[in-house]
4 protein chains.
Amino acid sequence: MVRVAVAGASGYAGAEVLRLLLGHPDVEVGALTAASSAGTPLGQHAPHLLPLADRVLEPTSAEVLAGHDVVVLALPHGSSGPLAAELGDEVLVVDAAADHRLADAAAWEAFYGSPHAGTWPYALPELPLAGGGRQRDALVGARRLAVPGCYPTACTLALAPGMAAGLCEADDVVVVAASGTSGAGRAAKVTMLGAEVMGSMSPYGVGGVHRHTPEVEQGLAAAAGEPVRASFTPTLAPMPRGILATATARTQPGTTAAQVRAAWQDAYADEAFVHVLPEGRWPRTKDVAGSNAVHLQVALDERVGRVVAVAAVDNLVKGTAGAAVQGLNIALGLPEGAGLSAVGLAP
Amino acid sequence: MVRVAVAGASGYAGAEVLRLLLGHPDVEVGALTAASSAGTPLGQHAPHLLPLADRVLEPTSAEVLAGHDVVVLALPHGSSGPLAAELGDEVLVVDAAADHRLADAAAWEAFYGSPHAGTWPYALPELPLAGGGRQRDALVGARRLAVPGCYPTACTLALAPGMAAGLCEADDVVVVAASGTSGAGRAAKVTMLGAEVMGSMSPYGVGGVHRHTPEVEQGLAAAAGEPVRASFTPTLAPMPRGILATATARTQPGTTAAQVRAAWQDAYADEAFVHVLPEGRWPRTKDVAGSNAVHLQVALDERVGRVVAVAAVDNLVKGTAGAAVQGLNIALGLPEGAGLSAVGLAP
Amino acid sequence: MVRVAVAGASGYAGAEVLRLLLGHPDVEVGALTAASSAGTPLGQHAPHLLPLADRVLEPTSAEVLAGHDVVVLALPHGSSGPLAAELGDEVLVVDAAADHRLADAAAWEAFYGSPHAGTWPYALPELPLAGGGRQRDALVGARRLAVPGCYPTACTLALAPGMAAGLCEADDVVVVAASGTSGAGRAAKVTMLGAEVMGSMSPYGVGGVHRHTPEVEQGLAAAAGEPVRASFTPTLAPMPRGILATATARTQPGTTAAQVRAAWQDAYADEAFVHVLPEGRWPRTKDVAGSNAVHLQVALDERVGRVVAVAAVDNLVKGTAGAAVQGLNIALGLPEGAGLSAVGLAP
Amino acid sequence: MVRVAVAGASGYAGAEVLRLLLGHPDVEVGALTAASSAGTPLGQHAPHLLPLADRVLEPTSAEVLAGHDVVVLALPHGSSGPLAAELGDEVLVVDAAADHRLADAAAWEAFYGSPHAGTWPYALPELPLAGGGRQRDALVGARRLAVPGCYPTACTLALAPGMAAGLCEADDVVVVAASGTSGAGRAAKVTMLGAEVMGSMSPYGVGGVHRHTPEVEQGLAAAAGEPVRASFTPTLAPMPRGILATATARTQPGTTAAQVRAAWQDAYADEAFVHVLPEGRWPRTKDVAGSNAVHLQVALDERVGRVVAVAAVDNLVKGTAGAAVQGLNIALGLPEGAGLSAVGLAP
């Protein structure tokens, strides 16, 4: 059995990692840590995790996290680097925060306003790379993993097939994505109260300032083999979970609908969790709720010369905790889908 | 492997049975049947069930359903009796409809307006019986099972401990329960449109006319050892899943809060799926979403002489499909929790 | 024009008072005050109130509130007594908090744990009183008004006709009510985050401890002419607004359905805002959203000897701000419905 | 008083027109008609419209609709032309359907697949026209009005300032818009059941096939003074009402944020219902619920050379019924805002 500790267990991401680990056949749940919630039972924060309800949260520290095979960090940005350094190279550290996702230090500094902490293997295994191969290869045997952001997961997987196949232009991607409100985390804020968000859609981080923007561009560039420029607008939707990303790119002249369809189907034909739906059916976030699946569909709008690809993911699963588990499975040589499901909870 | 056929696979109950069976280690999914949807792929109706998306629904008939170890019937009321007769006694038939739940033929006829089809073992294993024992015993080795209704599951488990312990009076139970809208099924109705139900609460079947009323009374009577009379009011809540049942009964004079707490805790201490929460925490339907768990809490209102017990269940899992799977596990001698989880999907 | 100041303008209740006053033909909006939000524009807190978006909130004090014809206090409990004393007797003070609702000082102290601040006329004009008459009479010319609580408004109006007509027993009322989450106010709390409340029902204040309990009993007692004992259980529903109260009482022996129907219809036949629906139609909270209307329906469950009455109100309108406006209209001799609507916002 | 008949009164659009007319000081509600609901009381379909609950719906015919000053048609596409012809030129006919919105017969036939019925004045008064002036001028004294579609209203008003000011390029507009489910109308469909839509986002009409696409292009072209090409993707959001349109266009080289801000503010400075929010605040659909207001915000993403404008409208008010009322006010010379409010219902 692999012993896994989870830091930040009282937040949405940490609790979701635990939900998945409870169903993982090869994993034993080790230490659970928190910041301000240390000393309280997990059941007070996550009563849905019945088997762990009486486990008391410990303070987050290298001492508490040491001695595990895997440490999953579900902490605010800026915490993972120092902690990982203390944990040593033999421990697999899976970071759900943004710190180690970007390869471009300048982009990091421009969007996050702090020094770059270095780059870890980016745990989006299904990403097709320019020139062939998958991002999966970079994860095998790794001892550090950067879990992709929830929006970038959806946006990158949505358009990567067209980029990798050379059907899409790289310089004018436009993405508008809707996220469930768990994406904003579990901190108490007036703007995130149920009474404020139910029945309402609203955008935020508009105009190219959202921090996931360079990550979307980085992922698509890996598929395109050239720099990508994207307009990214996130919106908040009145649902607890789920991301629906609508991503468009201009197509190369002469691109046909058949080419588009083939590129998307081929890209993910061997992937267990990324599913291009049959023609005529479009993704719904509900269909991937609680699952690690990505539902995808694509259409060519010949009139305007753009391809429109739509991806649905569960922001807390494939967008966070599922990616962490899938990544640790690959890194450790476990079956890639262990503890994960491709079946969503609908209706 | 146990081969299981599901009749009514395109409805909410049938699809939920399939969701659970896909995760059941001892089950192979056999024939899937439907009425008007026969001939179409399951993925058109239940795209969240990815591994079965391409399976084509067959017409519901004894021929198609024959040759399985288990047949789960998720059909409208009135269909299961004739079908079961054709299937033979060696097949385990699990009926998710109401037809075989009630022992009292007169109550059946009064509430359903049709001839009584006979009584099958009632698949609510955790129900404590007057004089000791559990309803579970009646399910071992059974070849016919009646799955309890969703409301009765929540209402009965909520108050049964007080009835079995002799702390509650049987003649003036009052229950008000809120259900997610999947409880109304998957038929197209204007009153169940999203635009109608979102943001709205409303009652229905008020004044003792809802068909689950005699079933609630029957379950509680089994615990009390005497007839129970209940006022039952169901309401529709703006959520897709979940039942929250608030059940009250007058207490015997002199009943103390400690007695109440002990009765509820003792009743379910050995039950894997029924959980009395720590004092001060109250059930939320979200915490049992997708799970077979029941979250319970109870309080004594000494001022008015009533106990108030609240139960949360997922109407489609413990309230339907989970009960079916739990029942077939018991009947066939499989581990009772196989294919079931006590962990909900929150937030 | 009547000049009205609103204290607590950045909260849900205060903003809703302003929403109504903006449509009131005889009112001019005066000072707007807040506590921690003082110094900020109202548009930052209530962007839906476009015509007042640039108005800057002032600190709540008697100096700022002085010089108006009416002062509406939408403040936390405990603040209104001292402020009102400073404002003088010629100002109409409408208190949306609980401080002055209860006539029974012992009940106040038992449920609120602080000294009783005295009793003001209770602004539930439609309440039929034992022995004839309406609560409306107590409001004419008043210079102090206590706005009823949201739950008590729905619960009291639901059952009062049966109490006033002598059809219901007073000693075993049972009420279960569901409220939209705006009822919890606009303070930032983890438990009230959208991700926590969407898709979930949960109870709170169970076992007779919710502070609205003695107020429900007081209102029903006024109709019954004798003390009333009620079990009251509030629940939180996944919607921003609305209360659905399901209230039951045992009926006197021999009570008929026709008597019940007549009692309820007669009680509110002349009321513009309280509407008993045609037989067979049940209230939905959505139908009263944004309106001052109460939708009611009632049924006699002869089998168990209980009447079940269900009321839907908008907790922020008839349950708070609408009652404040209706009350000030009556007190000042304006048309009772000025600034109020009986038309809800559906779907 | 102006007598107004409403055809299609049992649908969402028709009922919303009635909700507004009930608050219109110069209007008397005349005949109410329906198709399959003829003969039933309006209260059965729209219980929130209390004052009209007992009005019986008549069959839709020119005979019933004749003799009114205004007839509002809230009917399926294809019905309004013949009816209007029978009603005569002296009656003001306001058509909420698409039939008479498009000037380009070829575009009509391509997207609707039926012969073009002719073009009526397009009731989007705030639209700034290339070369100066507003669309309002075309409505004064009109006897035929085409109510804009809900999506086109939001999309067109969002980007029109940049088009009219020459800051935006016309050939690569990208719009992604989210709509509440009332936009799908009141017909019973499985895909629109509450259990299906709650908690879910999904797209439809992807790839440039949605019928509102040419209307968006037509509106923006009127502002730009040249043809506009737009990629338009509609999505369904889990809320009953509201549209949030995120619209982007490439900017002319050298465009500055100050120019963008000035263009948007100037465009709507004199408009009562279109409001550019203060910098840093973004629209929420909830803030315009039930109101005729449009909340707008805009940002320049200099890195990618695109302007991103976001508009929130209530699809049933400014997107349908409010536009109808505003249009009839202008056509008849009544105050433009009579019966309309700029105040939304939040939370």
Notebook entry, point to check: Any chance the range C:295-314 includes a residue that's under 14 Å from the mean Cα position of the chain (by Cα), away from chain B (no Cβ under 14 Å) and not charged (D, E, K, R)?
Noted result: no
Margin query: Pairs needed: first member in the range C:206-228, under 17 Å from residue B:306 (Cβ atoms); second member anywhere, of a type in the set (Asp, Glu); C-beta distance under 7 Å; at least 6 residues apart or different chains.
Written below: C:207/B:301; C:208/B:301; C:214/C:104; C:228/C:217
Check: Looking only at residues in the range D:252-289 that are farther than 24 Å from residue D:133 by Cβ and among the polar types (S, T, N, Q), which one is surrounded by the fewest Cβ atoms within 10 Å (Cβ to Cβ)?
Finding: D:256
Next item on the list: Answer yes if at least one residue in the range C:158-174 is within 14 Å of chain B (Cβ to nearest Cβ), under 30 Å from residue D:286 (Cβ atoms) and in a helix (DSSP H, G or I), and no otherwise.
Entry: yes
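Looking at the range A:221-230, is at least one residue open to solvent by less than 10 Å² (accessible area, probe 1.4 Å), under 20 Å from the mean Cα position of the chain (by Cα) and closer than 18 Å to residue A:313 by Cα?
No, every residue in the range A:221-230 fails to be open to solvent by less than 10 Å² (accessible area, probe 1.4 Å), under 20 Å from the mean Cα position of the chain (by Cα) and closer than 18 Å to residue A:313 by Cα.
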Checklist line | Selection count where residues are more than 8 Å from chain B (Cβ to nearest Cβ), open to solvent by less than 20 Å² (accessible area, probe 1.4 Å) and among the small types (Gly, Ala, Ser), scope the range C:191-211 | finding: 1
Notebook entry, point to check: Just checking, which of B:37, B:61, B:80 is touching a residue at least 24 places away in the same chain (Cβ under 8 Å), small (Gly, Ala, Ser) and within 25 Å of residue A:275 (Cα to Cα)?
Noted result: B:37
Check: What are the residues in the range D:333-347 that are small (Gly, Ala, Ser), open to solvent by 20 Å² or more (accessible area, probe 1.4 Å) and over 17 Å from the mean Cα position of the chain (by Cα), if any?
Finding: D:333
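In this structure, is residue A:187 touching a His at 6+ places or on another chain (Cβ under 7 Å) and either in a strand (DSSP E or B) or open to solvent by 40 Å² or more (accessible area, probe 1.4 Å) (or both)?
No; evaluated as a whole, the condition is false for this residue.
Where in the range C:1-76 are there strands (runs of 3 or more DSSP E), lying wholly inside it, with at least 3 residues that are surrounded by fewer than 23 Cβ atoms within 10 Å (Cβ to Cβ), more than 14 Å from chain D (Cβ to nearest Cβ) and modelled with pLDDT of 95 or more?
C:27-34
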Next item on the list: Report yes if residue B:303 is over 24 Å from residue A:347 (Cβ atoms), part of a strand (DSSP E or B) and among the charged types (D, E, K, R), otherwise no.
Entry: no
Margin query: Within the range D:296-306, does at least one residue satisfy the condition of being open to solvent by 10 Å² or more (accessible area, probe 1.4 Å), under 29 Å from residue A:209 (Cα atoms) and either modelled with pLDDT under 95 or charged (D, E, K, R) (or both)?
Written below: yes
Check: Can residue C:103 be described as farther than 17 Å from residue C:331 by Cβ, part of a loop (DSSP other than H, G, I, E, B), hydrophobic (A, V, I, L, M, F, W, C) and open to solvent by 20 Å² or more (accessible area, probe 1.4 Å)?
Finding: yes
Check: Pairs, please: C-beta under 9 Å, at least 6 apart or cross-chain, first residue on the phi > 0 side of the Ramachandran plot and in the range A:136-156, second part of a loop (DSSP other than H, G, I, E, B) and open to solvent by 10 Å² or more (accessible area, probe 1.4 Å)?
Finding: A:141/A:333
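Restricting to the range D:141-155, count the residues that are hydrophobic (A, V, I, L, M, F, W, C) and surrounded by fewer than 24 Cβ atoms within 10 Å (Cβ to Cβ).
Keep residues of the range D:141-155 that are hydrophobic (A, V, I, L, M, F, W, C), which gives D:142, D:145-147, D:150, D:154-155.
Okay, now just the ones that are also surrounded by fewer than 24 Cβ atoms within 10 Å (Cβ to Cβ), so D:142.
Qualifying residue count, the range D:141-155: 1.
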Item checked: Subset of the range B:190-218 [in a helix (DSSP H, G or I) and under 26 Å from residue D:15 (Cα atoms)] -> B:190, B:191, B:192, B:194, B:195, B:196, B:197
Notebook entry, point to check: Mind checking which residues of the range B:291-328 are touching a residue at least 12 places away in the same chain (Cβ under 8 Å) and among the β-branched types (Val, Ile, Thr)?
Noted result: B:294, B:298, B:307, B:308, B:310, B:313, B:317, B:320, B:325
Margin query: Can you tell me which of (1) surrounded by 22 or more Cβ atoms within 10 Å (Cβ to Cβ); (2) over 14 Å from the mean Cα position of the chain (by Cα); (3) under 15 Å from residue D:143 (Cα atoms) is the one residue D:91 doesn't meet?
Written below: (1)
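Out of B:323, B:245, I need the residue that is at pLDDT 95 or above, under 23 Å from residue B:133 (Cα atoms) and more than 7 Å from every other protein chain (Cβ to nearest Cβ). Which one?
On the way: B:245 fails: under 23 Å from residue B:133 (Cα atoms).
Answer to the selection: B:323.
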Note to self: If residue C:83 meets every condition in (1) at pLDDT below 95; (2) closer than 20 Å to residue C:150 by Cα; (3) hydrophobic (A, V, I, L, M, F, W, C) apart from one, which number is that one?
What the structure shows: (2)
Item checked: Test result for residue A:233, facing chain D (nearest Cβ under 10 Å) and either more than 17 Å from the chain's Cα centre (by Cα) or crowded, with 18+ Cβ neighbours inside 10 Å (or both) -> yes
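Considering only the range A:249-264, state which residues are in a helix (DSSP H, G or I) and among the aliphatic types (A, V, I, L, M). First the steps, then the outcome.
Here is the first cut: in the range A:249-264, the residues in a helix (DSSP H, G or I) are A:257-264.
Those that are in a helix (DSSP H, G or I) and among the aliphatic types (A, V, I, L, M): A:257, A:258, A:260, A:262, A:263.
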Item checked: Test: residue C:250 is of a type in the set (Lys, Arg), touching a Cys at 6+ places or on another chain (Cβ under 8 Å) and facing chain B (nearest Cβ under 10 Å) -> yes
Margin query: Testing residue A:330 on (1) open to solvent by 10 Å² or more (accessible area, probe 1.4 Å); (2) closer than 30 Å to residue A:172 by Cβ; (3) part of a helix (DSSP H, G or I), one condition comes back false. Which one is that?
Written below: (2)
Check: Out of the range B:265-285, which residues are in a helix (DSSP H, G or I) and touching a Leu at 6+ places or on another chain (Cβ under 8 Å)?
Finding: B:268, B:285
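The values are calculated or read from the model by the stated rules, or taken from the named source; none is laboratory data. Predicted model only: the values in this text are computed from it and were never measured. Reconstructed Cβ throughout: ideal geometry from the backbone, glycine too, with neighbour counts over all protein chains shown. With ligands, DNA and RNA removed, areas are computed over all heavy atoms of the protein, side chains included. Shrake-Rupley method; radii C 1.70, N 1.55, O 1.52, S 1.80 Å.
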